[in-house]
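Undergrad: Let me begin by handing over the structure; questions about it come next.
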There are 2 protein chains.
Amino acid sequence: MSSQVIKERGIELEAWIRFLRAHAAVTRLLSAELLETHGLTLNDFDVLAQLSRGPDHGLKRAELAERVLLTASGITRLLDGLERAGYVGRAECPTDARVTYAVLTDEGREKLRGSSRTHLASVRALLSERFTKRELQQLAELLGRLPMRGDADCAD
Amino acid sequence: MSSQVIKERGIELEAWIRFLRAHAAVTRLLSAELLETHGLTLNDFDVLAQLSRGPDHGLKRAELAERVLLTASGITRLLDGLERAGYVGRAECPTDARVTYAVLTDEGREKLRGSSRTHLASVRALLSERFTKRELQQLAELLGRLPMRGDADCAD
DNA sequence: TGATTATACTTGAGCGGTCAACAATCTAGC
DNA sequence: GCTAGATTGTTGACCGCTCAAGTATAATCA
């Protein structure tokens, strides 16, 4: 039943639809798990991970937004939650009063470590169960050609 | 800047992150266009398309939900909008009073035809600009191995 | 220096979706 | 035929995010 639909509408369409379906399904799966066992959204996790690799475990909010592909306001809202939970804090920028840094707290680091273990294991399991290393490289390479930021190229 | 990050965290992770980023970016692009030029959500479009290939341009709401990977209530809400806009109507099931069919109206058919042309063209453009037919087949094949319904396999 | 424009962030309104609870109906088993 | 359970669809409460507008600060340039 999985591939009977959408015959010969062109391979582009087929790929696009599978992409959407796969995202919906996989995301729902992993997100539910992450939420249940750690109380984190996929984006929450992503943000913590990004912060952890910033200098001194911090990043400008704008930079963060760009990295995880959220709006400025989206970031504000998301960080609201993580701040309330005590996982990230704020730091002012000495040279530019407009920017505030989001920095991982110790609890945040701890939370990330704890959730990483199970979450990354799930991701690995789900993927390596279905693909060989070789195929994963192919997949990553192909996906990497798609636009990866809000507007970007896409000349029209 | 696109692929410098996330080195050697394992190819699974790399693929997963690219998948998420690509989805966020591409989806935002296409969805914005579709919304602006036709006032439809990606899911709206998907639903119209699914209905158009149902028998007599109709489907049970449950069936529809399953096809587009939405919740039952998600479908209710989405169809609310399409009904208000006059693109779909309801029909009762003679043999089971619980189910109601969602059926494409003539306006709905028209809307789908109109929006298909530009939307599908955008999808094709975006993809065929970056991939060969061969690569698209690979991509589709690989994506097709991922879970494609809510819970599904994923034995754990 | 002072006006103009650009950037960083926040806020209110709203949208699209989920989940949990519910009402209605169908189906099985006794 | 009746009760017990499953299935279909809707609703209320809420969540995560966007967009548009607003505030505050920086940068540009006359």
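Undergrad: Apply the a/c threshold of 1.5 to the C-alpha gyration tensor of the stretch B:43-156 and tell me whether it is rounded, prolate or oblate.
TA: oblate
Undergrad: Taking amide H atoms as placed 1.01 Å from N in the peptide plane, list the residues 5 or more away in sequence, or in a different chain, whose amide H sits under 5 Å from that of A:Val88.
TA: A:Glu83, A:Thr105
Undergrad: Starting from the Cα gyration tensor of the stretch B:16-70, take the square roots of the eigenvalues, sort them a ≥ b ≥ c, and report rounded, prolate or oblate (rounded when a/c is under 1.5, otherwise prolate if a/b is larger than b/c, else oblate).
TA: oblate
Undergrad: Determine which residues of the stretch A:30-74 fall in the zone a paramagnetic label at A:Ala91 would reach in this model, i.e. backbone nitrogen under 11 Å from the point 7 Å along Cα→Cβ.
TA: A:54-60
Undergrad: In nm, give the distance between the simple-model label positions of B:Glu141 and A:Glu36, each being 7 Å from the Cα along the Cα-to-Cβ direction.
TA: 3.4 nm
Undergrad: Give me the three principal axis extents of the protein assembly as shown from the C-alpha atoms, as integers in angstrom, largest value leading.
TA: Cα spread of the protein assembly as shown along its principal axes, largest to smallest: 66, 45, 40 Å.
Undergrad: Residue by residue through the stretch A:74-91, which ³J(HN,Hα) values in whole Hz follow from phi under the Karplus form 6.51 cos²θ - 1.76 cosθ + 1.60 (θ = phi - 60°), with glycine and proline marked x?
TA: For the stretch A:74-91, the Karplus-derived couplings read x, 4, 3, 5, 5, 5, 2, x, 5, 5, 4, 6, x, 8, 9, x, 10, 8 Hz, x marking Gly and Pro.
Undergrad: Also, quick follow-up: Treat every Asp and Glu Cβ in the stretch A:11-127 as -1 and every Lys and Arg Cβ as +1, leave all other atoms uncharged, and give the resulting dipole magnitude about the Cα centre to the nearest 20 debye. Mind dumping the intermediate values first?
TA: On the way: 16 positive and 16 negative charges, 34 e Å.
That gives a dipole near 160 debye.
Undergrad: For the stretch A:83-122 and the stretch A:126-143, write down the distance between their C-alpha centroids in whole Å.
TA: 30 Å
Only the coordinates and a few stated rules stand behind these numbers; no lab work does. Treat the numbers as computed from the prediction; the structure is a model and nothing was measured. Please note: Cβ atoms are built from the backbone with ideal geometry, for glycine as well, and neighbour counts cover all protein chains shown.
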